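Participant: One structure is given below, represented as structure tokens, and several questions about it will come after.
The values are calculated or read from the model by the stated rules, or taken from the named source; none is laboratory data. These figures come from a predicted structure and were not determined experimentally. Positions of Cβ are backbone-derived with ideal geometry, glycine not excepted, and every protein chain shown enters the neighbour counts. All accessible areas refer to the heavy atoms of the entire protein, side chains included, with ligands and DNA or RNA removed. Shrake-Rupley method; radii C 1.70, N 1.55, O 1.52, S 1.80 Å.
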Amino acid sequence: MRDRRPSAYDYESWAYYKDSYSKTDLKRRPTFFASLKPSQTLASIKDIVKFNDAKINIGGGYDSRTGIFTAPRNGIYIISSTIMATGSGDVQFQLNKNDQLYTGGYATKSNYGAQTINSLVDLKKGDKVYIKHRTGSSQTVYGEHFSTFSGYLLSE
């Protein structure tokens with residue numbers, strides 16, 4: 001009976017292939033990170049937070065003019081956002097996937113209260129995610145790079 005265990009050569013070849021594939025794949029994974037420079041007042045329930053300073057945008061999925069990330073590939077993404085309210089105000093916000101509520105958030109009334117939401121989201125190519133206002137009353141999101149929006153492809 002033949003020994004079916006891999007030889008040391010087989011293992012080294014497989015490890016090299018696996019490692020080089022992972023490094024290549026990491027270079028291509030959609031990833032974005034954007035922050036809000038000036039504070040943004042949200043007056044309507046339809047207002048989207050436009051994180052206008054995109055520091056990382058691998059794959060080009062994030063549009064800083066609209067505040068919307070469009071998935072360039074299918075997969076499970078980690079999406080995160082930190083919202084800070086100005087002064088003693090509060091901000092009611094939510095993560096939307098294709099115009100539907102996915103995760104809610106609330107930056108409390110305190111001295112510059114903030115909240116971070118983290119979500120695993122199954123996205124198909126072309127799906128959109130963004131942070132929007134959750135109420136009709138006027139609220140202000142604090143800028144100066146304290147409020148952020150980010151995401152990356154975790155797995156396909």
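Participant: In contact with a Pro (Cβ under 8 Å, 6 or more places away or on another chain) and modelled with pLDDT of 95 or more: does that describe K132? Please lay out each step first, then the result.
Facilitator: On the way: in contact with a Pro (Cβ under 8 Å, 6 or more places away or on another chain): no; modelled with pLDDT of 95 or more: yes.
Against the criterion (in contact with a Pro (Cβ under 8 Å, 6 or more places away or on another chain) and modelled with pLDDT of 95 or more), K132 does not qualify.
Participant: Quick one: would you say D99 is open to solvent by less than 40 Å² (accessible area, probe 1.4 Å), more than 13 Å from the chain's Cα centre (by Cα) and not hydroxyl-bearing (S, T, Y)?
Facilitator: no
Participant: Check H145 against each of (1) at pLDDT 95 or above; (2) under 27 Å from R28 (Cβ atoms) and name the one condition it does not meet.
Facilitator: Here H145 clears every test but (2).
Participant: Restricting the first residue to region 74-87 and requiring it to be among the β-branched types (V, I, T), which pairs with a second residue that is not in a strand (DSSP E or B) meet a Cβ separation below 8 Å and a spacing of at least six or different chains?
Facilitator: Matching pairs, first to second residue: I76/E156; T82/F146; T82/S147; I83/V49; I83/S147; T86/S39; T86/Y112; T86/Y142.
Participant: Scan region 127-144 and report the pairs whose first residue is closer than 17 Å to S81 by Cβ and among the aliphatic types (A, V, I, L, M) and whose second residue is part of a loop (DSSP other than H, G, I, E, B) and open to solvent by 20 Å² or more (accessible area, probe 1.4 Å), with Cβ atoms within less than 7 Å and a gap of 6+ or a chain change.
Facilitator: Final answer for the pair search is V141/S39.
Participant: What residue, among those in region 49-69 that are open to solvent by 30 Å² or more (accessible area, probe 1.4 Å) and either in contact with a Leu (Cβ under 9 Å, 6 or more places away or on another chain) or aromatic (F, W, Y) (or both), is nearest to P30 (Cα to Cα)? Please lay out each step first, then the result.
Facilitator: Here is the first cut: in region 49-69, the ones open to solvent by 30 Å² or more (accessible area, probe 1.4 Å) are 50, 52-60, 63-66, 68.
Of the ones still in play, those that are also either in contact with a Leu (Cβ under 9 Å, 6 or more places away or on another chain) or aromatic (F, W, Y) (or both) are 50, 52-53, 59.
Values: K50: 19, N52: 18, D53: 17, G59: 5 Å.
Result: G59.
Participant: A further question on this structure: Suppose we filter S119, S81 for residues that are among the hydroxyl-bearing types (S, T, Y) and within 15 Å of L153 (Cβ to Cβ); which single one remains?
Facilitator: Details: S81 fails: within 15 Å of L153 (Cβ to Cβ).
That would be S119, the only listed residue that is among the hydroxyl-bearing types (S, T, Y) and within 15 Å of L153 (Cβ to Cβ).
Participant: If you don't mind, there's one more thing I want to ask. Please go through region 41-60 and pick out each residue that is of a type in the set (K, R) and in contact (Cβ under 8 Å) with a residue 60 or more places away in the chain. So that I can check it myself, show each step before the final result.
Facilitator: Within region 41-60, the subset of a type in the set (K, R) is 46, 50, 55.
Residue satisfying the conditions is K46 alone.
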